[in-house]
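Below: one structure, written as structure tokens.
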Amino acid sequence: MKRRDFIAIGVAGGLLASCKSLGLPGAGGINQSKHDLEVWWSEGYYPEETDAIETIFANWQRLTGNKINLSFFSENELAAKASSAIDGGPTPDLLYGYGINDTVVPVLSYNNQLVALDEVVKPIQGDLLPGVIDGVTYLNKQTKIKSIYGIPISQHSVNLHYWKDLVEEGFGDNDQTKKIPNEWKAFWDFWHASQKSLRQKGYDEIYGIALPMSNLARDTSYIFEFFLEAHNAKILTPSGKLNVEDPVTRQKIISAMNDYTSNYKDKYVSPKATSWADADNNINFLSSLSVMTANPTLSIPGSQLSDEIAYFERLGSLPWPNKLDGSPMQSFISVKQAIVFNSSNVAKAKDLLAYVLKTENLSRYVEGSQGRFLPTTKSIMAMPFWHNAKDVHIATAVQNLKSSKIPGWILNPAYSEVISKNIWGKAIEAVATDSLSTEKAVDGAITEIRTIFAGWN
């Protein structure tokens, strides 16, 4: 964890500086002053992200005369701290985390532990991109209504990447074979054929696909959501009611599970995929040990920014293929958001977040992510940074968001527990390792999901 305690420097122009400390007594902390605004924030993946938020916060302090105690945490640290708040653990006044919107915020909102932020977001609602407002609107069991409990900072979905040179190496000059299909089954068959072609040329360690098959990786569930959508397996109704009792839905889940795990069982995915954590499919792919992969955010292209040949020439990004019925794939949108806890500093926290949402500030921060996350507003999305004609990765990620659906954790907060317990990941790992048949794994997952929902009800 890193702490930034901002203090004003008494010089002409009221400039501010950031004073770094080690969190020793008197150098910051939750109880330093009841008047200070305590902020916990995800450490940026890039220095530009951290620099941008420090500058924005420093400018707000200069304008308002308020003081911020800013602590940076890793993504996992912050997710753990946010989760502990559900059971009464310590909380800041304001928190922003990359990995809390699908598992923690729905629960905190439902439990009435957060402050509604409608008055902060509504002024910019007309500028928000489609689906964003849904991604920050949650049910409160006490009020029995949905309100905005998150400030939409950025967004992403799951993206598809591949190595152009590996495809070309496998298929040679056969242009027809190199054309990647947009039909669901043909799309996955293409990567199987790519592996076969490479194996014929002696590339025995390269697999066609890098899909996680492990309970350790949350990515497993995120990617599997697209297979469920491809098979039109609707786990929840539009009103958020659990739909797994329907035998037709059960069969569609089984088909989606067979579809996903067959890539592993037919040896088109590394045998190590059943023990992968979230970073391992990235590592496998970036080591050129697989031809294509699916991954949340644009972290894979982002890791290649310093190598223009790799970023612009070797690496490709693709939209998701059409569903089995031929209709366009609907992506779920994951909105990265800031939340406010009940405290004596609610007014200050809201004022700071309204300042962050100003286009000139929010654009600076989101651009600092180097395209890893996408903007949430039309104004920022229209800026030149997001329209580089050479950058297929950002363009494709934007395209993936154009046909979207409301994710399960928004339709019903109980589904956040399905995600946090990685119910689908456990079932997939059991099928891939032959611990259970697909039917038994799916029935076990359905039983767990029904138990979770019954507990929430």
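Some notes on this structure:
- Computed over the range 112-157, the ratio Rg/Rh where both radii use C-alpha atoms and Rh is Kirkwood: 0.97
- Taking every protein chain into account, the 1.4 Å probe leaves K390 with about 130 Å² of accessible area, to the nearest ten.
- Fraction of beta bridges assigned by DSSP in the chain that are antiparallel (%, nearest 5): 70
- All distinct Cα pairs of the range 302-401 go into the 1/r average, and the inverse of that average, the Kirkwood radius, is 16.1 Å.
- From phi via Karplus (6.51, -1.76, 1.60), per-residue ³J(HN,Hα) for the range 389-402 in Hz, x at Gly/Pro: 4, 7, 8, 6, 5, 5, 4, 6, 4, 5, 4, 4, 8, 6
- Computed 3J(HN,Hα) for the range 418-434, one whole-Hz value per residue from the Karplus formula 6.51 cos²θ - 1.76 cosθ + 1.60 where θ = phi - 60°, is 4, 5, 5, 8, 6, 4, 5, x, 5, 5, 5, 4, 5, 6, 5, 8, 6, glycine and proline marked x.
- Space enclosed by the convex hull of the alpha-carbon atoms of the range 116-240, per residue, Å³: 176
- Per-pair calculated FRET efficiency, R0 = 30 Å: Q399 and L63 via Cβ, rounded to 0.05: 0.20
- Compactness check for the range 151-300: Cα Rg over 2.2 N^0.38 Å is 1.12.
- Put a plus charge on the Cβ of each Lys and Arg, a minus charge on the Cβ of each Asp and Glu, and nothing anywhere else: the dipole of the range 161-310 about its Cα centre is then about 500 debye.
- Placing +1 on the Cβ of every Lys and Arg and -1 on the Cβ of every Asp and Glu, with nothing else charged, gives the chain a dipole about its Cα centre of roughly 880 debye.
- Here, P(r) means the percent of Cα pairs in each 5 Å bin from 0 to the largest distance; for the range 267-326 it is 4, 15, 25, 23, 17, 12, 5, 1, 0.
- Pairs of lysines in the range 274-383 (C-alpha under 27 Å apart; 8 or more residues apart or interchain): 10
- Dividing the convex hull volume of the alpha carbon atoms of the chain by its residue count gives 151 Å³ per residue.
- Packing rank of 75-88, 391-404, where each peptide gets the mean count of other beta carbons within 10 Å, highest leading: 391-404, 75-88
- Full extension of the segment from Q142 to K265, taken as 0.36 nm per residue of separation minus the current Cα-Cα distance, would add 39.6 nm.
- Ranked by the mean number of other Cβ atoms within 10 Å of their residues, highest first, the peptides 252-263, 303-314 fall in the order 252-263, 303-314.
- Label sites at E168 and T55, each approximated as a point 7 angstrom past Cα along Cα to Cβ, lie 3.8 nm apart.
- Every helix of 4 or more DSSP H residues in the chain counts as -39500 (n - 2.57), and over all residues that averages to -12000 deg cm²/dmol at 222 nm.
- Taking the Cα centre of the range 53-100 as origin and assigning +1 to Lys and Arg Cβ atoms and -1 to Asp and Glu Cβ atoms, the resulting dipole is close to 220 debye.
- Extension gain from E119 to I309, taking 0.36 nm per residue of separation minus the Cα-Cα distance: 63.8 nm
- Cubic angstrom per residue, convex hull over Cα atoms of the range 321-457: 183
- Gain on full extension, evaluated as 0.36 nm per residue between H387 and V346 minus their Cα-Cα distance, stands at 11.0 nm.
- Percentage, to the nearest whole number, of Cα pairs in the range 85-168 over 19 Å apart: 47
- Here the chain has 52 percent of its accessible surface on carbon and sulfur atoms, given a 1.4 Å probe and all protein chains in place.
- Each peptide in 127-134, 155-162 was scored by the mean count of other Cβ atoms within 10 Å over its residues; highest first, the order is 155-162, 127-134.
The values are calculated or read from the model by the stated rules, or taken from the named source; none is laboratory data. What you see is a predicted model, and the numbers here were worked out from it, not measured in a lab. Quick reminder, even Gly has a Cβ in these numbers, built from the backbone with ideal geometry, and neighbours come from all protein chains shown. Note: areas computed on protein heavy atoms with side chains; ligands, DNA, RNA excluded. Shrake-Rupley method; radii C 1.70, N 1.55, O 1.52, S 1.80 Å.
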